[in-house]
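Working notes for the structure below.
The values are calculated or read from the model by the stated rules, or taken from the named source; none is laboratory data. From a predicted model like this one, the values you see are computed outputs, not experimental measurements. Cβ coordinates were reconstructed from backbone atoms using ideal geometry, including for glycine residues, and neighbour counts include every protein chain displayed. We work out accessible area using only protein heavy atoms, side chains counted, and drop any ligands, DNA or RNA first. Shrake-Rupley method; radii C 1.70, N 1.55, O 1.52, S 1.80 Å.
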Amino acid sequence: MSALRYKNYIAGEWRRSESNEWFQSTNPYDGISVLGIFPRSGGDDADKAIEAARQAYEKWRKWGLVKRSELLWEVSRLFQDNVPELARVIASESGKQIN
């Protein structure tokens, strides 16, 4: 099975890094299993992400308390619905095994 190639998620879009370079991440437990191929991001990518976050904050802060709380409850539900998969990903990237 080939490793998935990931991109940066900035301003609602999946983007390559400005460097257009990639690195392969392996599971620290065995040093062999490839977790994925990731963009080698740098300062330009971080600057774009920070600017996107600033712009998103301007919209977010204008939403009322009810709308923001509803969105956060939905995010919480998505986390709860996906606990096994999230646990698998977190364990793999930290070199742990789930018994």
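Quick check, is Ala53 among the small types (Gly, Ala, Ser) and either in contact with a strand residue (DSSP E or B) (Cβ under 8 Å, 6 or more places away or on another chain) or within 30 Å of Gly31 (Cβ to Cβ) (or both)?
Judged against the criteria, Ala53 is not a match.
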For segment 42-55, give me each residue that is open to solvent by less than 60 Å² (accessible area, probe 1.4 Å) and either of a type in the set (S, T, N, Q) or over 17 Å from the mean Cα position of the chain (by Cα) (or both).
Gly43
Mind checking which pairs have a first residue in segment 45-74 that is closer than 24 Å to Lys7 by Cβ and a second that is among the basic types (Lys, Arg) and surrounded by 12 or more Cβ atoms within 10 Å (Cβ to Cβ), Cβ under 9 Å, 6 or more apart or different chains?
Asp45/Arg15; Lys48/Arg15; Trp60/Arg68
So which residues in segment 56-81 are hydroxyl-bearing (Ser, Thr, Tyr) and open to solvent by 60 Å² or more (accessible area, probe 1.4 Å)?
Tyr57
When Ile10 is run through (1) among the β-branched types (Val, Ile, Thr); (2) touching a strand residue (DSSP E or B) at 6+ places or on another chain (Cβ under 9 Å); (3) open to solvent by less than 60 Å² (accessible area, probe 1.4 Å), the failure sits at (2)
Say whether the condition of being of a type outside the set (Ser, Thr, Tyr), touching a residue at least 24 places away in the same chain (Cβ under 8 Å) and assigned to a helix (DSSP H, G or I) is met by at least one residue in segment 75-85.
no
